[in-house]
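K.L.:
Structure below; questions to follow.
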């Protein structure tokens with residue numbers, strides 16, 4: 001029933017979206033871990049087919065915020081959230097939302113590459129199998145499509161049946177991105193996707209994200225301010241659980257409105 | 001480099017005697033020093049050597065004793081392993097066919113593993129994935145208690161509960177392969193459960209997150225991600241349980257019926273290598289043919305046990321590669 005509920009609303013939302021561009025609308029969001037107030041009164045839109053970067057020092061709540069969008073925080077004992085994250089008019093934080101279905105529409109890539117200890121091909125199609133797709137031909141087509149989108153096809157096309165763990169760290173991370181694309185999500189959440197990678201792999205991921213934003217809405221948490229400046233359209237600066245500043249990336253990096261933003265960007269703390 | 005600065009001198013040290021502390025001044029007499037490095041080494045190396053030597057000694061002794069029936073008593077090895085008639089105490093034309101017992105042992109082991117493994121892995125998943133708190137508090141102690149119950153108690157319960165139940169519901173005398181497998185299955189349950197729980201706990205949370213983020217349900221995550229990732233250790237757990245089942249004598253002996261012929265069905269009475277050894281040991285004299293063939297049965301037990309250990313090694317090595 002939940003599935004139907006969310007689907008109807010998502011369709012509606014697609015019609016609405018042509019008028020208003022934010023895919024996600026965060027309204028007065030508060031997140032708590034037990035008594036700890038981790039994220040405080042966040043209000044921000046996340047615009048369609050653009051890259052939104054969340055920056056800020058460690059422990060500022062940006063990852064927590066990200067993990068709340070696809071309800072991954074549900075898995076953490078004691079975490080709870082108040083407020084609204086509107087996705088096509090539905091508040092994602094209510095119990096009416098089918099989390100499983102939600103995560104299929106809002107994909108996620110983690111800090112450490114975490115491919116399954118299975119073959120490259122199995123990694124790509126596992127999520128489709130979760131959704132009950134069994135048609136071999138279809139699975140194969142989607143796998144190839146995702147690998148091409150993640151710019152990994154040429155590197156792995158001859159060894160799809162080899163273990164995903166035989167890939168390099170950068171390749172593994174791109175495989176994880178490809179894997180997240182298999183379900184054709186609307187939004188892609190990335191939690192410091194290149195912080196565990198070398199500069200070359202990291203720049204490959206950035207290139208990839210710039211390409212992907214033509215089709216997907218991307219939200220990326222990053223510690224690397226240059227990375228945010230290079231790829232993000234919008235940037236949000238978090239500090240001690242608060243959203244200090246949100247705006248166009250170029251604007252924020254050249255003329256930050258807040259003193260704290262300026263201090264952080266210029267490396268005075270953080 | 002200035003040599004002086006390299007040498008560490010501790011002027012306040014009383015036993016310095018003008019020598020540098022960094023110079024090696026170990027003497028064998030330092031063994032009497034409480035903090036001596038040698039004491040520790042002798043103890044640790046000594047234990048390791050002792051264990052290795054005892055395993056070698058047991059193997060050699062059992063081999064020598066076990067081969068007597070073939071070398072001294074001229075029993076044909078092939079006949080011994082494939083023969084189905086076991087009449088070692090018949091005055092004329094005694095026959096020594098051990099196949100029913102080898103078969104019985106293997107069947108009890110395999111059946112017990114088949115009965116225990118699903119429950120064991122299920123409870124391991126319960127206590128790690130579904131209810132970690134409750135599982136730790138309740139299921140863990142229950143499993144420890146299961147380990148602590150002596151095998152004679154298992155046998156006794158089997159004898160007074162399972163055997164009558166089998167007699168009423170399956171038929172026959174109730175003493176059967178199946179009864180033996182049931183009793184042993186319960187006995188190996190804790191072994192498989194605790195190793196499986198460790199295996200499941202060892203699966204990285206990154207994989208679970210990855211699975212949930214792909215829209216997997218809890219069961220899909222367990223079935224498609226956690227269990228495959230823990231597979232090789234889970235198989236090791238089952239094989240270890242089988243090794244234990246294979247060696248169990250007392251409890252099995254009380255419920256299996258101790259028939260000396262090959263069973264036609266799992267509801268037939270049977271015997272295992274261990275039960276026949278414990279049963280016949282008492283009325284055999286050292287050096288007699290009966291005694292020798294019992295040693296040979298023991299040797300077969302040892303060889304198959306070694307087989308289990310090799311299997312575990314093989315599985316865990318393969319698990320590391322992938």
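Where a number appears in this text, it was derived from the coordinates with a stated rule and is not lab data. What you are looking at is a predicted structure, and each value in this text was computed from that prediction instead of being measured. Neighbour counts run over all protein chains shown; Cβ positions are idealised from the backbone, glycine included.
K.L.:
What base-10 log of the normalised intensity I(q)/I(0) is obtained for region A:70-162 from the Debye formula, alpha carbons as equal point scatterers, at q = 0.12 Å⁻¹?
P.N.:
Log-scaled intensity ratios, in q order: -0.53.
K.L.:
Let me see the P(r) profile for the protein assembly as shown: every Cα-Cα distance counted, bins of 20 Å, each bin given as a percent of all pairs.
P.N.:
16, 33, 27, 21, 4, 0
K.L.:
Next question, about the same structure. At a temperature of 25 °C and a viscosity of 0.890 mPa s, determine how fast region B:103-279 diffuses translationally according to Stokes-Einstein, using the Kirkwood radius over alpha-carbon pairs as Rh; express D in µm²/s, rounded to the nearest whole number.
P.N.:
Working: Rh = 17.1 Å.
So the translational diffusion coefficient is about 143 µm²/s.
K.L.:
Let me ask you something else. Using alpha-carbon pairs under 8 Å, 6+ residues apart, how would you state the relative contact order of region B:103-279 in percent?
P.N.:
Details: 260 pairs, mean separation 63.2, N = 177.
Rounded, it is 36 percent for region B:103-279.
K.L.:
If you don't mind, another one. With axes computed from alpha carbons, what is the tilt in degrees of helix A:199-212 against the longest principal axis of chain A, rounded to the nearest 10 within 0 to 90?
P.N.:
It is inclined by approximately 90 degrees.
K.L.:
Pop out the Kirkwood hydrodynamic radius of chain A from its pairwise C-alpha distances, inverse of mean 1/r, in Å to one decimal.
P.N.:
19.1 Å
K.L.:
Sticking with this structure for a sec: Can you work out the FRET efficiency for the pair residue A:37 and residue B:318, with r the C-beta to C-beta distance and R0 = 51 Å, to the nearest 0.05?
P.N.:
Working: r = 49 Å, r/R0 = 0.96.
With a Förster radius of 51 Å, E is 0.55.
K.L.:
Using 0.36 nm times the number of residues separating residue A:153 and residue A:240, minus their current alpha carbon distance, what extension gain do you get? All intermediate terms of the calculation are to be shown ahead of the outcome.
P.N.:
Numbers: separation 87, 0.36 × 87 = 31.32 nm, distance 4.10 nm.
Difference between extended and current length: 27.2 nm.
K.L.:
Just the ratio, please: alpha-carbon radius of gyration of region B:109-169 over 2.2 N^0.38 Å, N its number of residues.
P.N.:
Working: Rg = 14.5 Å, N = 61, 2.2 N^0.38 = 10.5 Å.
So the Cα radius of gyration is 1.38 times the expected 2.2 N^0.38 Å.
K.L.:
At 1.002 mPa s and 20 °C, plugging the Kirkwood radius over alpha-carbon pairs of region A:59-115 into Stokes-Einstein gives what diffusion coefficient in µm²/s? All intermediate terms of the calculation are to be shown ahead of the outcome.
P.N.:
On the way: Rh = 12.3 Å.
It comes out at roughly 174 µm²/s.
K.L.:
Right, another one. Using only the Cα atoms of region A:128-270, construct the convex hull and provide its projected area averaged over every direction, in square nanometres to one decimal. Show your work: numbers first, answer last.
P.N.:
Working: hull surface 40.2 nm².
That works out to 10.1 nm².
K.L.:
Can you give the Kirkwood hydrodynamic radius for region B:269-312, in Å, rounded to one decimal and based on Cα pairs? Show your work: numbers first, answer last.
P.N.:
Details: mean 1/r = 0.0882 Å⁻¹.
This gives a value of 11.3 Å.
K.L.:
Still on this structure, please answer the following. What full-extension length gain, to one decimal in nm, is calculated for residue A:129 and residue A:195 as 0.36 nm per residue of separation minus the Cα-Cα distance? Numbers along the way, then the final one.
P.N.:
Values: separation 66, 0.36 × 66 = 23.76 nm, distance 3.01 nm.
Contour length minus the Cα-Cα distance gives 20.8 nm.
K.L.:
Cα centroids of region A:82-147 and region B:237-299: how far apart, whole angstrom?
P.N.:
After rounding, the separation between the Cα centres reads 54 Å.
K.L.:
At a Förster distance of 41 Å, what's the computed FRET efficiency of residue A:138 paired with residue B:61, Cβ-Cβ distance as r, to 0.05?
P.N.:
On the way: r = 64 Å, r/R0 = 1.56.
My answer for the efficiency is 0.05.
K.L.:
Separate question: Residue B:204 to residue B:49: extension gain in nm, 0.36 nm per residue of separation minus the Cα-Cα distance? Intermediate values should be presented prior to the final figure.
P.N.:
Values: separation 155, 0.36 × 155 = 55.80 nm, distance 3.68 nm.
That works out to 52.1 nm of additional length.
K.L.:
Take the Cα atoms of region A:22-129, find their three principal axes, and give me the spread along each one in whole Å, biggest first.
P.N.:
43, 29, 28
K.L.:
Viscosity 0.692 mPa s, temperature 37 °C: give me the Stokes-Einstein translational D for chain B in µm²/s, with Rh taken as the Kirkwood radius over C-alpha pairs.
P.N.:
My calculation gives 138 µm²/s for D.
K.L.:
How compact and how long is region B:45-89, expressed as Rg and Dmax of its alpha-carbon atoms in Å?
P.N.:
15.8, 48
K.L.:
Would you compute, from DSSP H runs of 4+ residues alone, the mean residue ellipticity of the protein assembly as shown at 222 nm, taking -39500 (n - 2.57) per run and dividing by the full residue count, rounded to the nearest 500?
P.N.:
Per the formula, -16000 deg cm²/dmol.
K.L.:
Next up: Compute the FRET efficiency between residue B:138 and residue A:74 as 1/(1 + (r/R0)^6), taking r as their Cβ-Cβ distance and R0 = 25 Å, and round to the nearest 0.05. Intermediate values should be presented prior to the final figure.
P.N.:
Values: r = 25 Å, r/R0 = 1.00.
Calculated transfer efficiency: 0.50.
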